[in-house]
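No lab work stands behind these numbers, since they all come straight from the coordinates. If you're wondering where the values come from, they're calculated on a predicted model, not measured in any experiment. Every residue, glycine among them, receives a Cβ derived from its backbone with ideal geometry; neighbour counts consider all protein chains shown.
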Amino acid sequence: MRFAETGFNLEIDLTRGNIEKIATNSRDTELYLGGLGTNAKILWDRVPPEVEAFSPENLLIFGAGLLCGTPATGCNRTIVTTISPQTKLMAFSMMGGFWAPELKYAGYDKLVLSGKSEKLVYLYIHNDSVEICDASHLKGKGSIETATLLKKELNQPKAQVAAIGMAGENRVYYASIEQGRSSASRGGIGAVMGDKGVKAIVVRGTMDINIAKPLEYMELCNGVLEYIKYREDHPIPGVMPILAGLGSPQEMKVHDEKWHTENFMWGNSRTRRKDFWTKEIEKEWTDTMVNARTRLISCFNCPMECGATLSLPGLPTYMMKCFTKLTYTMGAFSDLDFGLRIAQKATEYGLDGFSAPQVMAFALELLENDILTDDDFPDMPADNEGRFYYLLDKIVRREGIGDILADGTHWAAKKIGKGASKYAHNNIKKHEQLPLKLSMLNPIYFLMYATGEKMNITQIEGQFPQAPFPKKEHREKFCEDWIQVPHEKFKQYFIDWELRGENSIPFYPNVEMTCDIVDWQEMMHYIDDALGQCAGLSSFPLKPPYHIHNYPKFIEAGAGIDMDEEKLTRAAKRYRTLVRAINIRRGMRRKDEKPPANHWKKRFPELEEKLLDGYYKLKGWNDEGIPTKETLDELGLDFVGKDFLARGILKEDESLSGKACTKGQDIVEEKENKSGGPGS
Amino acid sequence: MDNQVDQTSKIIKTIKIDIDKCNGCRACEVICSAFHAMPKYSSNNPARSRIRVIREPLRDVYVPVLAGEYTVSECAGRDKYTIDGKQYEECAFCRASCPSREEFKEPDSGLPLKCDMCEGEDEPLCVKWCLVDALTIEERQEKVEDLEQSLALEDLEIGLESLADKFGMDKIMDVLVRMNEKE
């Protein structure tokens, strides 16, 4: 018997309409845990670098985390893995909600989609019964609308539905997969689902998930609940309210948006509005939110209320969490009412709330600067808000200029030419980032931005305070009950961190400390992503209930796998390295590992190189960021090493690897050219 | 005097449900099904839970309902209630394991489920696991006579009764005899 996991993947070949239930190898669980880890293994094994995002050979993998469906609080994430049309690399997006546990109860750990359906279909999974059904009547329907229709049509009110909207159907490079109140948004995975001809996946499961050591597991779960209660009563002093407690940043609950509106950039990530947050605006926005919000809501088996149901007069109800609250508002220099209204439409269309508003603001900037002209925007309304609605529709329908903008700022700029690339200025690895422009380089954030392959800072950062507390006594106090640190040295790193002087950014934390901190932050996210645990109760907030000291016990008692901190650290390193290997094989190199040039005003090129050198070394990667043969062998990834040697990515003589990487770059450029058109 | 427990009255624990506080997370279903697994906590499956959140997020309907008595036939009335501007089916508040719906039946056997307030625990675990306080425990005094009348049937008895309703007592007896012979 398998514990915590079901031991089966559901494989659907959409070209042939073939459905298979495949028993998985428990040895893979030991090595790669589950969720992201085993997703990465499948992607490495079955999707070679020649396969493009919109190729039938590309896979779209929905992986439920190893502990999803067990009573572990907050463990509900689906990890969606595929090749991104936008970055051409492994897409790394996740959604909370209710879908992953339902898939486990239906008897599957993963759903692996391959091939392409000629007609638009939806998948209906009800325990052992799996059907591919005609979805022609759902074409063009909104993602939430689709879910509602299917639940009614199938008479399955308790089913969970993951669906794409028009953006996914039309293969917009930043299309999301929406699931009620959650979405997997980053990397354009909705476009891959649309390309495969799948409108929605309906899941209903009524079977058991087994626990290896029931009493021990329950004690651990109760311990987590107790700690959550403790943290509710003990918010972290000295940090802004959204960072004081647990959960995702509490954007639906907290009305004070002074920090975001005055420190994040408006428009196409350009303008800082230092005195924006007035009493009048606070009142107006609070009223907007309070009137729109009918309830604070949670994902499966989690007491944190990070989401909300929103009903704006005249619009269908929808659900939201986190920072999409402000991205449209700030992209359009508008107010919260506009932001919540257009987000309703964008959610039905199924668009990433980070990329979409930036693409629209980018287009209008090109118009202002005569790179695009009025002829590119026929019949566009004159008012600001109207122009955003106009662009939203053009993009999801891929009409006119929308067809170009639907590829995201990087590819759109290339196609438009005339210096447009200067305006696609807020990308990392071709992917739009949070609109932040700061003054002094922060070494920790530099490394996270540069090397993080999730490409979304909120899913990379966490655990370690974002800035030092002004007084040493406060820092010492913070460390008193900081049980989550993997090593005592992290406390000293923090205690010695000052706002000004010798021990301040950019040179403190020093290279070694910075590498240690980033490595810890990244490891915790990677563990979460394999277990299916929401970052909001683990890797993101300060002092979370899950950490490196109790996770091995959860895995051992839950899944029945012998586990300790060392073994878990190694497993996380193994599949983290495998994610990198997938991207290296697709041409990613050191040259790609950089934050936007204008992310900080004060840059330190020499220090930045040292940081990268130090981090690569700590990770066991060579100067180009390629995992070395020794590292791969040591992690049991010798098959990756062999592949790298065969492809000339690594040479037997390590010193030649620099030359080999040039070849890797050529591969990427060639692919970029080939895949110019949206229909490619 | 009212607060005194004497021979004729006893403290009764009831679960108080505040639907305005429910966040729809279904932790109650998770822990309930885990507690009632055999052996205890060895598996988990909300479809076996004795509490269900009747949930329609887009209409803001969230009603945690605890499994009550089994009923052989569905009721005639299907009234609708409008509360605070939201419409609820009568069934949304009904605790019965009833032929007209999926709730409160074992997914394998179809046998009815009933809340036992987590016998042996300090408090029902759905209450313990509901950190948002949609479920809280309330104590009240009741006379013992009333109590006796409302004494619940044991699991086995409820199951047998429902089988008897479905197949008839004779058939049940036949099967029992046959099973006995086999052993």
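When Rg and the Kirkwood radius Rh are both evaluated on Cα atoms of the stretch A:235-350, their ratio Rg/Rh stands at 0.96. Quotient of the Cα radius of gyration of the stretch A:285-329 and 2.2 N^0.38 Å, N being its number of residues: 1.18. For the stretch B:37-74, list residues with backbone N below 16 Å from a point placed 7 Å from the Cα of A:SER129 toward its Cβ? Answer for the stretch B:37-74: none.
The calculated 222 nm mean residue ellipticity attributable to helices in chain A amounts to -12500 deg cm²/dmol, summing -39500 (n - 2.57) over DSSP H runs of n ≥ 4 and dividing by all residues. The ranking of A:ILE228, A:ILE12, A:ILE527 by Cβ neighbour count inside 10 Å, starting from the fewest, reads A:ILE228, A:ILE12, A:ILE527. Taken residue by residue and averaged, Cβ atoms of other chains lying within 10 Å of the Cβ of A:62-72 number 2.
Between rounded, prolate and oblate, where does the stretch B:1-78 land on the alpha carbon gyration tensor, with a ≥ b ≥ c its root eigenvalues, rounded for a/c under 1.5, else prolate if a/b exceeds b/c?
Since a/c reaches 1.5 and a/b is larger than b/c, the shape of the stretch B:1-78 is classed as prolate.
DSSP finds beta bridges in the stretch A:8-204, and of those with both partners inside it, around 75 percent are antiparallel. What does the C-alpha gyration tensor say about the overall shape of the stretch B:10-151? Classify as rounded when a/c is under 1.5, otherwise prolate if a/b is larger than b/c, or oblate. Because its axes are fairly even, with a/c under 1.5, the stretch B:10-151 counts as rounded. Counting pairs of Cα atoms in the protein assembly as shown, how many percent are more than 50 Å apart? In whole percent, the long-distance tail amounts to 18. Between A:ASP481 and A:HIS234, residue separation times 0.36 nm minus the direct Cα-Cα distance comes to 87.8 nm. The ranking of B:VAL177, A:VAL485 by Cβ neighbour count inside 10 Å, starting from the fewest, reads B:VAL177, A:VAL485. Distance between the 7 Å Cα→Cβ label points at B:THR136 and B:LYS40: 2.7 nm.
In terms of other Cβ atoms within 10 Å, A:MET90, B:MET169 run from fewest to most in the order B:MET169, A:MET90. Between A:MET1 and A:LEU434, the C-beta separation translates, for a Förster distance of 45 Å, into a calculated FRET efficiency of about 0.55. Partner shielding of B:55-67 amounts to 3, given as the average count of beta-carbon atoms from other chains within 10 Å of each residue beta-carbon.
Were the residues from A:LYS591 through A:ARG27 laid out at 0.36 nm apart, the gain over their Cα-Cα distance would be 199.4 nm.
Taken along the Cα-to-beta-carbon direction at a fixed 7 Å, the label points for A:ASP374 and B:ASP170 span 9.1 nm.
Can you give me the P(r) profile for the stretch A:355-432? Cα pairs, bins 5 angstrom wide beginning at 0, each as a whole percent. Bins of 5 Å from zero give 3, 17, 31, 28, 16, 4, 1 percent of pairs. Counting only DSSP beta bridges with both residues in chain B, tell me the antiparallel percent, nearest 5. About 95 percent, rounded to the nearest 5. Applying 1/(1 + (r/R0)^6) with R0 = 22 Å to the Cβ-Cβ distance of B:LYS80 and B:ARG101 gives a FRET efficiency near 0.90. Note on A:ASP564 and A:GLU118: the extension gain reaches 155.8 nm, defined as 0.36 nm multiplied by sequence separation minus the Cα-Cα distance. Restricting the stretch A:22-123 to trypsin sites (Lys or Arg not before Pro) that sit in a DSSP loop and have at most 16 other Cβ atoms within 10 Å of their own Cβ leaves A:LYS119.
Averaged over the residues of A:101-109, the number of partner chain Cβ atoms lying within 10 Å of the residue Cβ comes to 1.
Extending 7 Å from the Cα toward the beta-carbon at both A:SER55 and A:GLU609 defines two label points whose distance is 3.6 nm.
Whole-Å semi-axes of the stretch A:438-674's equivalent ellipsoid, largest first, each the root of 5 times a Cα gyration tensor eigenvalue?
Working: eigenvalues 189, 118, 43 Å².
Sorted largest first and rounded, they come to 31, 24, 15 Å.
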